[in-house]
Structure formats: structure tokens, C-alpha cells
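A short worksheet on the structure shown next.
Computed from the coordinates by the stated procedures, all read-outs in this text should not be read as laboratory data. Computed from a predicted structure; not experimentally measured. Methodologically, a virtual Cβ is constructed for each residue, glycine included, from the backbone with ideal geometry; neighbour enumeration extends over all protein chains shown.
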Amino acid sequence: MKYDFQTIEAKWQRTWDEQHTFRTVEDLRKRKMYILDMYPYPSGSGLHVGHPEGYTATDIYARFKRMNGFSVMHPMGWDAFGLPAERYAMQTNIHPKLTTEENVNTFRRQIKSLGLSYDWEREVNTTDPQYYRWTQWIFLEIYNAWYDRRADRACPISSLVEELEREGSAKLGLETSFSAKQWKQMSRKEQHDFLTQFRLVYSAEVPVNWCEALGTVLANEEVAEWTEKGYSVVRRPMRQWIMRITAYAERLLRDAKALDWPASTMEQQRNWIGRSEGAEIEFEVEGNQKHLSVFTTRPDTLFGATYMVLAPEHPFVAEITTDRQKISIQEYVKETSLKSDIERGTDKVKSGVFTGAYAINPVTHKKMPIWIADYVLMGYGTGAIMAVPGHDERDFEFAKVFGLEILSVVKGVEPSDGVFTEDGIAVNSSSIELSIDGLPTSKAKDQVVEWLEKKRIGKSAVQYKLRDWLFSRQRYWGEPIPIIHLEDGTAKALSTEELPLELPQLEKFQPSGTTESPLALAQDWVNVVDRETGLKGRRETNTMPQWAGSCWYYLRYLDPQNAKSFCDKEKERYWMPVDLYIGGSEHTVLHLMYARFWHKVLFDLGHLSTNEPFMKLRHQGTILGEDSRKMSKSRGNVVNPDEIVALYGADSFRLFEMFMGPLEEMKPWNTKGVEGVHRFLNRVWRLFVNNEEGILESSIIDSDPTSDFERLYHQTAKKVTEDIEALRFNTAIAQMMIFVNEATKLEQRPRQTMEKFVLLLSPFAPHICEELWTILGHGSTLAMEPWPSFDPSKAIEQEIEVVFQVNGRLRSRTFVPINTDEPGLELRALADANVKKYLDGKKIVKRIVVKNKLVNFVVAEA
RNA sequence: GCCGGGGUGGCGGAACUGGUAGACGCACAGGACUUAAAAUCCUGUAUCCUGCAAAGGGUGUGCGGGUUCAAGUCCCGCCCUCGGCACCA
């Protein structure tokens with residue numbers, strides 16, 4: 001009987017479904033293993049060959065772990081909110097819910113056709129109100145929390161209110177503080193506005209990236225994606241919800257060290273957080289009471305600071321600008337406000353305008369002209385810098401354009417002309433009060449900071465590049481933000497009993513025409529009266545970004561039906577953290593950073609037992625087209641998994657995706673290669689079934705294996721076991737091919753050994769192995785069979801080849817019994833004809849003998 | 001520019017802590033089976049030189065140096081490529 005993969009695969013997929021073979025067994029006595037895939041966005045174009053690569057890898061690992069006696073959690077779900085469905089709705093007025101449902105069905109069917117061992121009873125869908133109810137709930141938890149620096153963790157906002165009621169703001173370390181009595185006398189609005197400064201979710205009028213065509217704002221990190229597609233994005237100020245992720249900058253950085261993540265991913269997260277150490281320094285402004293605060297990583301160059309630069313948006317600009325400069329300053333400020341961050345970055349020549357005002361250098365007491373320039377960003381540090389043109393590339397360029405003074409205060413080992421930005425030795429850095437001449441940079445920094453602190457005009461400081469997370473999107477197809485804007489100007493969060501706040505039904509999905517989302521058009525939904533205060537209010541019309549649902553989906557899988565909580569505490573304690581997480585590297589920064597952030601907040605608030613969600617992370621590499629270029633419709637090199645499965649079967653498809661090369665590497669598709677592994681599976685089939693009736697091959701008999709074949713089995717079991725553990729699937733498959741090649745040659749195939757081989761292959765090609773298992777006479781699935789063991793001592797070759805070298809050149813090779821001792825090896829080498837030829841008439845000056853490896857004679861002319 | 005990965009046959013890729021480079025697969029060539037083809041099976045395949053052959057020798061892991069008895073693997077200096085960041089003071 002032929003290897004009829006279509007029948008076999010359909011049969012076993014049905015069987016697994018009907019018998020709930022992969023239903024998660026929550027056995028607290030067993031060790032647990034949480035194996036997670038990044039869930040997909042179910043797009044209209046269906047699965048492509050890139051998705052199953054990661055899914056197959058985790059599936060092999062999950063099946064392997066089940067057979068090794070672990071309780072395995074291996075779920076799948078849908079990240080189904082998102083712009084494509086909404087854009088489709090704009091064009092067709094078909095509700096995104098319907099499109100999403102259809103796409104999910106396609107994805108599920110395709111994924112199921114690959115025989116992946118997911119527990120489908122745990123499927124989640126971010127667009128299901130019973131799911132996003134908890135997304136909204138978590139949002140409120142974050143909204144109703146603040147970051148207590150003293151405890152270095154998030155606490156409920158109620159704890160802050162209690163403290164204020166008890167002892168005022170004295171212990172909060174604010175610039176101006178008030179008493180408990182004063183707090184109680186504040187109006188509702190005043191209290192509300194004060195708390196806003198602390199909440200982990202706050203709203204603010206901020207310059208955002210507005211895309212008119214999409215009718216929405218974009219996060220900074222999303223801008224590039226859309227401008228590349230030809231959309232134009234402009235800066236404009238808008239009131240937005242923002243999450244205070246910056247409160248967690250240090251912990252996100254610090255805790256990453258303990259994670260088993262790819263080096264490049266860690267590196268990118270570190271860069272994204274962008275920690276830098278330095279000092280904050282206060283500068284006096286001539287003729288003004290106010291001080292100008294700057295952040296610098298090079299306090300040691302203070303003697304070389306010859307001018308100041310403010311970001312055009314800096315609040316001091318209007319105040320300090322002299323009348324003469326007013327008009328040109330205003331023009332410049334307006335100009336920059338229209339530029340996007342990207343435009344600001346790409347302008348090659350430095351621009352700026354003098355304010356007419358001067359600051360005083362605290363060590364040299366020299367006057368420093370204060371300029372504004374768009375190379376200084378309001379969002380980083382204090383939005384102002386001390387310019388040290390001698391030792392900073394950007395300041396140097398600026399100083400050259402405007403003819404500002406350039407001083408040299410740091411000397412390198414080698415004399416350099418122009419700007420010197422590295423560490424060196426301080427020079428020309430002496431005044432009556434402070435001298436750092438001759439000190440290396442790090443010492444000089446310390447001295448200056450010490451002096452600043454003594455004078456109370458500065459202190460050491462740490463800055464992060466990480467910005468707070470813009471959380472509002474002007475879209476329909478997202479989670480509604482559960483907040484009401486009351487007529488007195490305060491915001492009120494819904495209570496948890498009011499969740500889920502469902503999306504209103506809409507007839508049309510076009511942008512509202514204003515800066516609000518289409519939700520603004522649902523008048524009945526938007527306008528409400530607050531029961532508690534009787535105030536009129538409007539619901540927030542912005543929705544959450546697509547990242548929201550994926551920030552916690554891994555927790556919902558653990559307890560998907562729970563109506564009382566987002567996840568049962570006991571279940572969380574058992575299953576978390578995720579032991580293996582596999583997904584695309586495109587999520588390196590955003591998804592992984594946001595999810596870690598939410599996880600830490602929930603941890604701080606006592607909802608979770610773990611401080612990090614994903615212990616071990618790997619990325620699958622991109623699968624390129626057959627032409628080694630990125631797959632795309634326009635190139636016509638897209639491979640559809642459905643076609644491959646139809647032609648060669650899911651087992652061949654899975655096997656090939658794993659055989660192509662290392663999981664994390666980028667590699668080209670090759671349909672001929674699929675034929676190769678398909679041939680391999682055919683050979684496997686014929687090993688067991690090679691007759692018309694489809695019964696067991698007569699060569700499979702109950703007998704002991706030959707010692708050679710037994711050794712090969714142990715070698716194979718060892719390699720496959722170790723390689724699966726290390727996610728090296730390609731080499732595991734190569735070893736199984738070697739096994740099959742040898743088994744094919746045998747006339748008698750020992751049943752026991754052959755059965756174990758079926759188990760070894762089963763995580764990779766589960767359908768065919770289940771069928772062979774049945775043919776071998778077993779009554780039930782092999783999915784829970786114990787993983788075949790091996791004996792490392794039986795995997796060792798008895799005879800091994802060693803090489804003989806003369807002067808490091810290979811002259812001969814021969815087989816010797818394993819562990820032949822060194823003198824024995826040397827004797828054999830000396831007796832070797834070809835070696836003799838090269839020793840003839842020479843003197844042996846050195847002999848290197850390595851057991852089981854080689855003999856090397858170093859010779860010289862006699 | 002900075003940071004991080006990676007350069008091995010015609011192709012995808014193997015190679016433990018420095019110790020036989022090229023496992024396994026694809027492709028290709030020759031052969032067996034067949035009227036023929038497909039399928040299947042067997043053999044060969046880094047490259048150059050000597051040889052009818054058996055065999056032997058040289059070269060070879062991006063390039064140039066170095067360490068070592070011995071380097072794909074370690075060190076120094078380059079080149080190319082992929083990914084990320086990019087006025088972050």
C-alpha cells in the first residue's frame with residue numbers, strides 16, 4: 001500500500017479532535033511546561049509559509065515534552081483587532097467583526113491542517129467582548145495605579161489618596177507641597193488634576209503623528225511603517241491617553257539580564273530604553289530669576305561649554321527672548337512645530353536662532369549666548385543643553401555654522417584636530433574654585449559633579465531615551481477606553497462592574513471627519529450621565545492600540561473561560577512564566593516591551609506571581625522566496641502552505657520547514673527540498689508497510705538488533721533528544737535520515753528498535769507516525785507514550801578512524817579500537833607505510849598523540 | 001556613523017571544549033529495473049595535478065597577517081552582507 005498522506009492526515013486530525021488528545025492536563029504533581037507561539041493577526045490573505053515555521057518548532061517541542069512527562073500548555077489564539085479589517089470596512093461597509101470572523105476561520109482551518117497539537121479549548125480572540133472586558137479591566141488597574149519611587153513599585157492610586165488625606169504631599173518630594181488639610185479643601189477638579197500627575201495612565205496635550213488618510217495618530221515607532229507605504233504623517237498637538245512606561249525604565253532594563261533571549265533582541269531593548277548616566281546642571285540666566293537646567297553626559301567638559309541651546313518648544317523660550325529677536329524666534333518656533341521628528345533628523349545643515357539672552361557658565365563665569373535649535377529635542381533630558389563644541393559633534397557643527405567659540409578642554413593620547421568626543425585628559429579646565437586639569441575623563445566627571453553638588457547647582461542624574469507610550473488610536477476596531485469625560489473637565493474611569501464596555505454598532509466606518517474616531521458618530525453611545533455625580537459626560541472615543549490585547553493574552557490562555565477574573569491566581573502560579581516563546585523578530589521592541597511593562601504593573605499590584613513573562617525567547621528566521629528574495633505578491637514568489645500540504649502532506653511540509661536550516665536563520669524556500677523530505681517519509685513508510693494489504697512488513701520481526709544497528713539506534717536517540725532540547729531540528733532530522741538509510745539495508749528489522757524510531761520521529765511527522773504505530777499493533781495514540789530512552793555508552797563506536805600526520809599534514813588514516821592508548825597509536829603510526837615515507841631520513845623532534853583522534857610527528861632534517 | 005548577527009561545494013546547510021572540513025538533503029552524472037517513462041534502488045560528485053588503475057600529491061571555510069605540532073574554530077587589521085538604531089546631549 002502506498003503512503004497515502006491525505007487519508008492518514010485527515011484521519012488523525014479528526015481523531016485528535018474527537019478524543020481531545022491535546023487537551024491540557026493540569027496535573028500539579030507533574031512538572032509544567034508553557035510553550036507559546038506569538039499569536040497571529042488573522043489577515044485576509046491567510047497563512048503564509050513563515051507562520052508554520054515557528055508553530056512547527058513549538059509543536060515539536062510540546063509533543064516532545066508531553067512524551068517526557070510534562071504537563072504542557074500549548075495554546076493558540078487571534079490578535080484580531082487592527083487596521084486592515086477596519087480599512088476594509090471603510091471601503092465595503094462590511095462590519096470588521098464579520099471579516100475578522102471569516103479570516104479567523106481560514107487561519108484556524110489552515111493551522112489545523114498542519115496537525116499542530118494546540119489545545120483548541122483555550123483559543124482566545126482579542127475582539128471578543130469577553131476577552132477585551134479584561135483588557136479594559138487591566139487598563140483600569142493601570143489607570144488606578146501610580147508609581148511609588150520610595151517603594152520602587154506601582155501601588156493603587158487609593159494608597160496615594162490615603163497618604164494625602166493623612167499627611168499631605170510632604171513625603172512625595174515635590175517642589176511645592178501642601179498639607180492634608182489643604183488637600184481636603186481642594187475642589188474635585190483640583191484633586192483630579194493633581195492625581196493625574198501620578199497615574200500610570202494620564203492624558204496630555206502632546207504633539208502627535210497624525211495621519212489624515214488613516215484618520216488616526218500613530219505611535220512614533222509606527223510612523224516609519226506607514227510613511228514607507230506612501231502615507232503622509234504630520235505633527236499636531238492633540239489630547240491623548242498615555243501610559244507611563246518610563247516609570248519602569250530601570251526595571252525593564254535590569255530584569256532583562258536574567259532572561260534567556262537572543263543577544264540582538266536584548267541589545268535592541270537596551271538601546272530602546274537608552275540609559276545614560278551624567279549630570280543635571282543649573283545655569284543662571286542673566287537678568288532673570290529662573291535657572292536653566294540641562295542634562296549632560298560630560299560634566300567634565302563644563303569649562304568648554306560656550307553657549308546654550310534650548311529646544312524650540314522649551315517653555316523658557318518666550319520668556320527670555322529679547323524684543324529684538326522676538327520675530328525671528330517666533331518664526332523658527334513655528335517652522336519646527338510643523339516638522340516631523342524624521343524631517344528634523346534628516347536636515348543636514350544645523351539651523352537655529354539666537355534668543356538675545358545669556359546664561360552664565362558657573363565655573364568660568366563667562367557669558368554664554370542662549371540659542372534655540374531643532375537639533376535639541378524637548379522630549380529628552382530637560383530639553384536644553386550646554387553646548388561644548390570642542391567635544392560634541394553636533395555642537396561643533398552648530399558652532400561652525402554660527403561662528404561660536406570653540407574651546408578644547410579634553411586631550412586625547414594622539415593630538416587631533418577638530419572635534420574630539422572621546423575620553424581623554426582634562427586640559428584648560430581650571431578656575432579659582434575648581435581645577436580638573438590632568439584628570440582622566442571619568443575622574444574629572446566625578447570631581448565636577450562633586451563640586452556642583454557642593455554648590456547646590458547640580459547633581460548626578462540618569463536619563464532614558466524611552467518615552468511614555470501613546471495609547472490612543474482614532475479607530476473603531478479596537479478596545480474602547482473605559483473612561484468618561486465629565487462636563488467639569490475631569491475624567492472618570494468606569495467601575496469594573498460596567499465592563500465590558502462594548503463597541504457600539506455602526507452603519508458606516510468612515511473616519512469621523514474630525515480628529516475623533518468613528519465612535520464619535522454613535523451619539524447614543526457617546527453621551528452619558530454619570531450616576532454618581534449627575535454630571536453630563538462623553539465617552540472616550542479613542543480606542544486602544546493593537547498592542548493592548550497582546551500585552552496579556554498569554555495569561556488568558558491559562559484560564560480562558562473565567563468570568564470572575566482575568567486569570568485564576570493558582571493557575572497563574574502553576575503555569576507562569578512562559579518557558580519557551582517563539583515568534584518573529586519584528587516584535588523585538590514593541591510587543592515584548594509593552595507586554596513586560598503590563599506584566600510588571602500586574603505583578604506590583606499583586607495579581608501575578610512572576611516578575612517577567614517570557615523566560616526563553618527565540619525568533620524564527622524569515623523564509624524567503626525560491627529566488628532568495630523576500631516573499632511578496634508583486635514578485636510572485638509567495639508560497640501558499642495549502643498547496644504544499646495538498647501536494648506533499650502536512651508531515652512533509654513540517655519536516656521540510658525544520659530541515660531547511662537553523663530555526664533562527666533567514667533561508668530560502670525550495671520546493672525540490674520538500675520532495676526530498678517527502679521521499680524520506682516514503683522510505684520510512686516502506687520500512688514498515690511494503691505490501692498490498694497495508695499490513696506490517698514481514699521484515700519487522702521480534703529479534704535483537706545487530707550490534708551495529710543497536711549502536712546506531714542509541715546514537716540516533718541521543719542526537720534527536722539533545723537536538724530537540726536545543727531546538728536544532730535540522731540536525732535531528734539528518735540523523736534520522738541516516739538511521740533510515742541503514743534500516744533500509746537490513747533484511748530483518750528488529751521490532752523494538754523500529755518502534756522506538758517511530759516515537760523519535762513522531763514530534764516531527766506526527767500523522768504518519770500515529771498510523772505506523774497503529775499498524776505496529778498499538779491501540780491508541782502515541783502522543784503520550786514515554787519518550788524512547790538511550791544509553792550513551794551504547795552509542796559509542798567500537799572502531800574509530802584516527803589520522804596520522806607529519807608536520808601537521810595528513811599522511812594516512814586508519815581504524816583502531818576505541819580508546820587505544822597513546823603508545824599503541826604511536827606504534828601504529830610508525831608502522832604506516834606512507835608515514836614511514838615522510839619520516840625517512842628525518843629526525844622526530846616532537847610527537848603529539850591524542851587518543852581517539854590523531855598522531856602528529858614533527859620532524860626536522862637529520 | 002554606531003550597535004548586533006553572518007560570510008563554508010553548483011544550492012540549503014553539517015563540524016563537541018582548536019584535532020579527519022563538506023554530515024544530511026537538493027541538484028547533477030553514470031548504472032540497474034522497464035518496450036519506454038515515472039517511481040524506486042545502486043554508484044559518483046570541493047578543486048587542481050600525476051596515473052590505465054590502485055594510489056599519491058598540491059590548494060581550499062570572504063581577504064591579509066599572527067599564535068599553535070595543528071585554525072572554519074583563537075588573536076589583530078580589512079572587505080562584503082543582513083538586521084536594528086540614527087541629532088537622545
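Could you state, as a whole-number percent, how many of the C-alpha pairs of segment A:13-63 are farther apart than 17 Å?
Across segment A:13-63, Cα pairs with separations above 17 Å total 55 percent.
Volume per residue, Å³, of the convex hull around the alpha-carbon atoms of segment A:152-201?
About 83 Å³ per residue, rounded to a whole number.
Quick one: length gained pulling residue A:393 to residue A:48 fully straight, 0.36 nm per residue minus the C-alpha distance? Please report the intermediate quantities before stating the final value.
Numbers: separation 345, 0.36 × 345 = 124.20 nm, distance 4.61 nm.
Extra length from residue A:393 to residue A:48 when fully extended: 119.6 nm.
How large is ³J(HN,Hα), in whole Hz, for each residue of segment A:778-788 in order, when computed from phi with the Karplus curve 6.51 cos²θ - 1.76 cosθ + 1.60 and θ = phi - 60°, using x for Gly and Pro?
Going residue by residue, I get 8, x, 9, 4, 8, 4, 10, 5, x, 5, x Hz, with x marking Gly and Pro.
For a label point 7 Å from the Cα of residue A:536 along Cα→C-beta, name the residues of segment A:446-490 whose backbone N is under 18 Å from it.
Residues A:484-490 qualify, since their backbone N sits under 18 Å from the label point.
Rounded to the nearest 0.05, what FRET efficiency do residue A:405 and residue A:263 have when you use their Cβ-Cβ distance and R0 = 56 Å?
FRET efficiency, residue A:405 to residue A:263: 0.80.
For every other residue with a beta carbon closer than 11 angstrom to the beta carbon of residue A:812, add +1 if it is Lys or Arg and -1 if Asp or Glu, then tell me the sum.
That works out to +4.
Using +1 on the beta carbon of Lys and Arg, -1 on that of Asp and Glu, and nothing else charged, what's the dipole of chain A about the Cα centre, debye to 20?
1080
So, R0 is 51 Å and r is the distance between the beta-carbons of residue A:816 and residue A:229; what FRET efficiency does that work out to, to 0.05? Please report the intermediate quantities before stating the final value.
Details: r = 65 Å, r/R0 = 1.28.
The value I calculate is 0.20.
Using DSSP to call loops (not H, G, I, E or B), can you name the trypsin sites (Lys or Arg not before Pro) in segment A:489-555 whose Cβ has at most 16 other Cβ atoms within 10 angstrom?
Filter output for segment A:489-555: A:508, A:531.
To the nearest 0.05, how large is the calculated FRET efficiency for residue A:793 and residue A:462 if R₀ is 41 Å and r is the Cβ-Cβ distance?
0.15
What's the center-to-center distance, using Cα atoms, between segment A:90-150 and segment A:650-678 in Å?
Computed from Cα coordinates, the inter-centre distance equals 31 Å.
Among A:180, A:380, A:421, which residue has its Cα furthest toward the positive end of the charge dipole of chain A, with +1 on Lys/Arg Cβ and -1 on Asp/Glu Cβ?
The Cα lying farthest towards the positive end belongs to A:421.
Could you work out how far the C-alpha centroid of segment A:26-63 sits from that of segment A:537-612, in angstrom?
Centre-to-centre distance over Cα atoms comes out at 17 Å.
Of the beta bridges DSSP finds with both residues in chain A, what % are antiparallel, to the nearest 5?
75
How large is the convex hull of the C-alpha atoms of segment A:800-854 per residue, in Å³?
Given the Cα convex hull of segment A:800-854, per-residue volume reads 69 Å³.
Can you pull a Stokes-Einstein diffusion coefficient for segment A:373-415 at 10 °C (1.306 mPa s), Rh from Kirkwood over Cα pairs, as a whole number of µm²/s?
D = 137 µm²/s.
Using the structure shown, list the pairs from A:32/A:65; A:350/A:400; A:65/A:794; A:756/A:794 with a Cα-Cα distance above 19 Å, or answer none.
Correct reply: A:65/A:794.
Can you put A:74, A:20, A:619 in order, fewest other beta carbons within 10 Å first?
A:20, A:619, A:74
Mind checking segment A:615-694 for trypsin sites (Lys or Arg not before Pro) that DSSP puts in a loop (not H, G, I, E or B) and that have at most 14 other Cβ atoms within 10 Å?
Details: sites: A:616, A:618, A:629, A:630, A:633, A:635, A:654, A:672, A:679, A:683, A:686; in loops: A:629, A:630.
The qualifying sites are A:629, A:630.
How compact is segment A:603-707 by the rule of thumb for globular proteins, expressed as Cα Rg over 2.2 N^0.38 Å?
Details: Rg = 21.3 Å, N = 105, 2.2 N^0.38 = 12.9 Å.
Dividing the Cα radius of gyration by 2.2 N^0.38 Å gives 1.65.
For residue A:634 and residue A:181 in one chain, what is 0.36 nm times their gap in residues minus the Cα-Cα distance, to one decimal in nm?
The span from residue A:634 to residue A:181 would gain 156.2 nm if fully extended.
How big is D for chain A, in µm² s⁻¹ as a whole number, if Stokes-Einstein is applied with the Kirkwood radius of its Cα pairs at 4 °C and 1.567 mPa s?
This corresponds to a translational diffusion coefficient of 40 µm²/s.
Hey, got a sec? Which GluC sites (Glu not before Pro) in segment A:123-225 land in a DSSP loop and have at most 11 other Cβ atoms within 10 Å?
When the GluC sites (Glu not before Pro) of segment A:123-225 are filtered for loop state and at most 11 Cβ neighbours within 10 Å, A:175 remain.
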